[in-house]
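To start, the structure under review is shown below, and the notes come after it.
Where a number appears in this text, it was derived from the coordinates with a stated rule and is not lab data. Computed from a prediction, not measured in an experiment: that's the story for all the values here. Glycine gets a Cβ as well: all are built from the backbone with ideal geometry, and neighbour counts include every protein chain shown.
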Amino acid sequence: MDHVTSSRSAVVTLPSDTQVLITREFDAPKHLVFEAWTTPELISRWWAGDHGVVTSVQVDLKVGGAWRYVMDANAGFEVAFHGEYREIVPGERIVSTEVFEGMPEAAAVSTVTFDDLQGGTLLSILVDHSSREHRDAHVNSGMEDGLQEALDDLEEVVRELA
């Protein structure tokens, strides 16, 4: 069994006028973090954080395949994101488009990497927006609170896999 211990907070930075970079360390091997990131049954347990209930997770994990996540938010409305996989290196890297269905004109490209960190994993999510305005809308949406909760829940799911 793989061992998972402490919780860490995600760090959100803005490396350029169009990018958001999120990093988080997990005390778990990257194959487990990758599994929890890509398996629909596991995604449904962590993706909404404490902001709602996941109602649908669709993942066609192949280049050209589509993904879509939907939740009923606690505030009484539906939130959905979807995209298409552009690059997949199992256990290492996923590049996909990312569209918030409430603002489809602000589509972005996300690069998620899973790097070995002395037996743990450094998860990095680089979101590349088409404009500074879209990046700022993303940052100002309150996403950081939801993200922290979701990644805490992801850690719990990974802990159960260990």
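Quick one: what are the phi-derived ³J(HN,Hα) couplings along the stretch 71-78, Karplus 6.51/-1.76/1.60 with θ = phi - 60°, whole Hz, x for glycine and proline?
9, 8, 6, 4, 6, x, 9, 8
How long is the gain from Ala66 to Ala162 if the chain were fully straight, where each residue apart is worth 0.36 nm and the alpha carbon distance is subtracted? The partial results should precede the final answer.
Working: separation 96, 0.36 × 96 = 34.56 nm, distance 2.82 nm.
Extra length available between Ala66 and Ala162 comes to 31.7 nm.
Rounded to the nearest 0.05, what FRET efficiency do Val11 and Asp50 have when you use their Cβ-Cβ distance and R0 = 25 Å?
Working: r = 20 Å, r/R0 = 0.80.
After rounding, the FRET efficiency stands at 0.80.
Between Asp116 and Ala137, what's the calculated FRET efficiency when r is the beta-carbon distance and R0 is 25 Å? Round to 0.05.
My answer for the efficiency is 0.15.
At a threshold of 8 angstrom on Cα-Cα distance, excluding pairs fewer than six apart, so keeping six or more, what relative contact order does the stretch 17-162 reach in percent?
That works out to 31 percent.
Candidates (i) 47, 36, 28; (ii) 44, 34, 30; (iii) 58, 30, 27; which is the computed Cα extents along the principal axes in Å?
(ii)
Where does the charge balance sit around Val109 when Lys and Arg score +1, Asp and Glu -1, over other residues with C-beta under 11 Å from its C-beta?
-3
Based on DSSP H assignment, which helices of the chain show an axial Cα extent of at least 18 Å together with a mean Kyte-Doolittle hydropathy greater than or equal to -0.5?
Length and hydropathy pass: 143-161.
According to a simple spin-label model (label point 7 Å from Cα along Cα-to-Cβ), what is the distance in nm between Ala107 and Glu87?
Label-label distance for Glu87 and Ala107, simple model: 1.8 nm.
Could you work out which residue, out of Phe114, Phe77, Phe100, moves most in a Gaussian network model of the chain, that is, has the largest mean-square fluctuation with Cα springs under 10 Å?
Phe77
Applying the Karplus parametrisation 6.51 cos²θ - 1.76 cosθ + 1.60 with θ = phi - 60° to the phi angles of the stretch 120-131, what ³J(HN,Hα) value in whole Hz is obtained for each residue in order, glycine and proline being reported as x?
x, 9, 9, 8, 10, 10, 9, 9, 10, 8, 7, 7
Sequence-distant or interchain residues sharing an amide H contact under 5 Å with Ser141, placed H: which?
none
Quick one: 3J(HN,Hα) in Hz for the stretch 81-93, Karplus 6.51/-1.76/1.60 with θ = phi - 60°, rounded, Gly and Pro as x.
10, 8, x, 10, 6, 9, 8, 9, 10, x, x, 10, 7
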